[in-house]
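The values are calculated or read from the model by the stated rules, or taken from the named source; none is laboratory data. Everything numeric in this text was worked out from a predicted model, so none of it was measured. Here the Cβ positions follow ideal geometry from the backbone for every residue, glycine too, while neighbour counts run over all protein chains shown. Note: accessible area is taken over every heavy atom of the protein model, side chains too, but ligands, DNA and RNA are not part of it. Shrake-Rupley method; radii C 1.70, N 1.55, O 1.52, S 1.80 Å.
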Amino acid sequence: MEPIRRVFTFRITNPILSGLLYSYFWMFLGALALSLLLWGSGLAEDDLSFYTFLVHAVAAFIGGCVSGKRAGNKGWYYGCLTGLVYGITLLVIGFLALDSSLSFGDLTLMATVFAAGAIGGMFGVNLKK
């Protein structure tokens, strides 16, 4: 059974890529939860800005934790890079899909995911021990 496990094992060893994968997964779950909240309650889309910031911050935090844990050292560095790449990806998708320009909310989002990724990376390094 062990040789089969070795053949079919898929593990991303790069800390930033693995953190991004976890970030996108948690962003997907948060977006799904927000969609169900919109569908099931009387909230309007304009009322969800705080919750979207919260979902992105949690996703960047978890991605920073994973990247810091995989790196083993310099967790804040890998967490910052994970949060930065995550935020830039969000801005590029928003620009290409929605044709939106850069605004103060986007810069606030970048600062939020940058800080959340760094804090997550600091926690992630200490999870390994």
**Complete:** Of the residues in the stretch 41-86, those that are out of contact with any Lys or Arg (no Cβ under 9 Å at 6 or more places or on another chain) and hydroxyl-bearing (Ser, Thr, Tyr) come to 41, 49, 51, 52, 67, 77, 82, 86
**Prompt:** Do we have residue 39 as open to solvent by 60 Å² or more (accessible area, probe 1.4 Å), hydrophobic (A, V, I, L, M, F, W, C), in a helix (DSSP H, G or I) and more than 15 Å from residue 113 (Cβ to Cβ) here?
**Reply:** yes
**Request:** Consider only pairs whose beta carbons are under 7 Å apart and that are at least six residues apart or on different chains; among these, list those whose first residue lies in the stretch 87-99 and is under 20 Å from residue 60 (Cα atoms) and whose second residue is open to solvent by 70 Å² or more (accessible area, probe 1.4 Å).
**Result:** 87/114
**Message:** If the requirement is being of a type outside the set (Gly, Ala, Ser), without any contact (Cβ under 8 Å) to a residue 12 or more places away in the chain and not in a helix (DSSP H, G or I), which of these qualifies: 102, 107?
**Reply:** 102
**Number of the condition not met by residue 102 [criteria: (1) surrounded by 14 or more Cβ atoms within 10 Å (Cβ to Cβ); (2) among the aliphatic types (A, V, I, L, M); (3) over 16 Å from the mean Cα position of the chain (by Cα)]** = (1)
